[in-house]
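Accompanying notes for the structure given below.
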Amino acid sequence: MDLNNINSKKTMHEIQVPESGRSERLETSLSRSVNEFAVLLNGNQSTGYCWELADTPLSLGVRPVSNEYVSHQDRQMDGSGGIHRFVFRISDSSLKEFSLAFAYKRSWEPEPIKTQTVCVTIE
């Protein structure tokens, strides 16, 4: 799969997390009509680092559906990076807010080099 396929999946709401070299918190909102959404995080798996859902409990009513890493196909250099796409489904229509925590780390290292928290309010 390439990034053009990811970009064509616009039928669901996508939350693009801005690229940053440090741990951050992003606040955003979703329409109550949204029942499935994706969180997009820039990364580079060729370095051994990978985004993963942190070991924090998910809010009841938000479930992971899938996640995939897609390298940038438009760049001809090895190690150019890509996008990690996490898809979630909201199963509780009364949900008002929730947070998702992600860690950017190597699987063999205990601590991430950065974290990202996405705080979502349902409007």
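The values are calculated or read from the model by the stated rules, or taken from the named source; none is laboratory data. These figures come from a predicted structure and were not determined experimentally. No Cβ is skipped: glycine too gets one built from the backbone with ideal geometry, and neighbour counts run over all protein chains shown. Heavy atoms of the whole protein, side chains included, go into the accessibility calculation; ligands, DNA and RNA do not. Shrake-Rupley method; radii C 1.70, N 1.55, O 1.52, S 1.80 Å.
Miscellaneous remarks
- Using a probe radius of 1.4 angstrom, the carbon and sulfur fraction of the accessible surface of the stretch 84-123 is 48%.
- Ordering of 41-51, 91-101 by packing [mean C-beta count within 10 Å, highest first]: 41-51, 91-101
- Taking all Cα pairs closer than 8 Å and separated by 6 or more residues, the relative contact order of the stretch 21-119 comes to 39 percent.
- Taking the protein heavy atoms of the stretch 23-66 in the context of the full set of protein chains, the accessible area attributed to carbon and sulfur is 49 percent at 1.4 Å.
- Order of exposure, largest accessible area first, which applies to E14, E19 with probe 1.4 Å: E19, E14
- When all protein chains stay in place and ligands, DNA and RNA are ignored, the 1.4 Å accessible-area order of I113, I90, largest first, is I113, I90.
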